[in-house]
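Visitor: Here you go, one structure.
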Amino acid sequence: MIEFKDVYFKYKNADVLKNINVSIKEGEAVALIGPNGSGKSTFLKIVNGIEFAKKGKYCFKGEEINSKKLEDNKFCKLFHKNVGFVFQNSDAQLFCSNVYDEIAFGPRQMGLKEEEVNMRVEDCLKLLDVEDLREREPYNLSGGEKKRVAIASVLALNPEVLVLDEPMNGIDPKGKRFLKDLMIKLNSSGKTIICSTHDFEYVQDVFKRALVFSEEHTIVRDDDYNSVINDNDFLVHYNIK
Ligand code: ADP
Ligand code: MG
């Protein structure tokens with residue numbers, strides 16, 4: 001479903017991703033781990049078509065994703081409907097004046113009838129347990145509430161792939177447990193999950209596979225999640241622990 005072939009990326013001068021070769025199948029739950037600055041967020045931005053490989057290519061369902069392809073409005077809409085991105089910073093994702101409209105935004109953009117929009121919003125409010133927040137201004141919510149609303153607004157499009165960039169950051173333990181259970185539920189309902197995280201203990205049972213990014217901006221290990229996080233020497237060597 002997702003394929004990186006010899007992907008190389010840089011912003012200005014410094015290399016940010018080198019020799020990235022990864023393939024992710026439909027229905028997988030994959031964790032991205034690695035020190036700050038190793039390129040995890042950039043990898044996720046390429047998955048979502050926000051940045052593009054400078055060399056090599058990234059394919060989604062066999063189609064190469066590049067800026068030219070996304071200029072095609074129809075293709076672009078379909079791609080962004082299929083791949084949902086929960087930003088690390090919820091403030092960058094929330095812009096409506098109330099939670100209901102925030103979650104309804106994507107479905108309305110898709111041109112769905114207001115009745116269908118309403119059904120989706122209600123489902124997502126319930127799924128994220130934020131029904132009581134529907135009238136609130138997203139801007140004034142707590143960090144944990146913002147994260148839930150951001151996830152609800154992405155899930156309202158019913159994407160096949162859910163990409164999350166450090167969703168547990170700044171979230172309290174109860175919120176982290178909620179997110180963990182949600183990811184398990186979504187994955188068992190068939191969604192592909194790709195998520196960067198430092199919260200190993202909270203995401204146990206979610207992921208089958210880990211991609212480990214190093215300070216040299218390459219993937220140094222692509223392995224069973226539990227084998228990786230139980231390999232203390234490895235984690236210490238790569239400054240992950
Ligand atoms: P991670 O998510 O693993 O912490 P990032 O992908 O955010 O890593 O960043 C990788 C490197 O790219 C870092 O050195 C970071 O400073 C740099 N970087 C990230 N975004 C930008 C940007 N928009 N412009 C220039 N450099 C950037
Ligand atoms: Mg990051």
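Visitor: Go through Gly34, Gly56 for me and flag whichever is at positive phi, within 18 Å of the chain's Cα centre (by Cα) and modelled with pLDDT of 95 or more.
Guide: After applying the criteria, what remains is Gly34.
Visitor: Under 6 Å between Cβ atoms, at least 6 apart or on separate chains: pull out the pairs that start in the stretch 112-124 with a residue that is within 17 Å of Asn98 (Cα to Cα) and end on any residue that is of a type in the set (Gly, Ala, Ser) and open to solvent by less than 90 Å² (accessible area, probe 1.4 Å).
Guide: Val117/Ala104; Arg120/Ala156; Val121/Ala104; Cys124/Ala152; Cys124/Ala156
Visitor: Would you confirm, using the coordinates I've provided, whether Cys76 is more than 16 Å from ligand 2 (Cβ to nearest atom) and within 30 Å of Arg134 (Cα to Cα)?
Guide: yes
Visitor: Sticking with this one: Of the residues Glu26, Glu63, which single one is open to solvent by 10 Å² or more (accessible area, probe 1.4 Å), over 23 Å from Asp199 (Cα atoms), in contact with a helix residue (DSSP H, G or I) (Cβ under 9 Å, 6 or more places away or on another chain) and more than 16 Å from ligand 1 (Cβ to nearest atom)?
Guide: Glu63
Visitor: Give the residue, chosen from Leu164, Leu157, that is within 17 Å of the chain's Cα centre (by Cα) and either without any contact (Cβ under 8 Å) to a residue 12 or more places away in the chain or more than 28 Å from Gly37 (Cβ to Cβ) (or both).
Guide: After ruling out the rest, the residue left standing is Leu157.
Visitor: Only residues that are open to solvent by less than 20 Å² (accessible area, probe 1.4 Å) and in contact with a Lys or Arg (Cβ under 7 Å, 6 or more places away or on another chain): list them for the stretch 73-97, please.
Guide: Ser90
Visitor: Looking at the stretch 200-208, is at least one residue buried (at least 20 other Cβ atoms within 10 Å of the Cβ) and in contact with an Asp or Glu (Cβ under 6 Å, 6 or more places away or on another chain)?
Guide: no
Visitor: While we're on this one: Tell me, which residue of the stretch 98-136 that is more than 23 Å from Lys45 (Cα to Cα) and in contact with a Pro (Cβ under 8 Å, 6 or more places away or on another chain) is surrounded by the most Cβ atoms within 10 Å (Cβ to Cβ)?
Guide: Once the filter is applied, the top-ranked residue is Val99.
Visitor: Next up: Give the residues of the stretch 154-198 that are within 16 Å of ligand 1 (Cβ to nearest atom) and open to solvent by less than 20 Å² (accessible area, probe 1.4 Å), sorted by residue number.
Guide: Scanning the stretch 154-198 gives Val163, Leu164, Asp165, Glu166, Pro167, Met168, Ile194, Cys195, Ser196, Thr197.
Visitor: So if I check each of Lys54, Lys61, Lys69, Lys45, which one is within 16 Å of ligand 2 (Cβ to nearest atom) and more than 30 Å from Glu135 (Cα to Cα)?
Guide: Residue meeting the stated conditions: Lys45.
The values are calculated or read from the model by the stated rules, or taken from the named source; none is laboratory data. Worth saying up front: this structure is predicted, and the values here are computed from it rather than measured. Using ideal geometry, Cβ is built from the backbone for each residue, glycine included, and neighbour counts are taken over all protein chains shown. These accessible areas exclude ligands, DNA and RNA; they are computed on the full protein's heavy atoms, side chains included. Shrake-Rupley method; radii C 1.70, N 1.55, O 1.52, S 1.80 Å.
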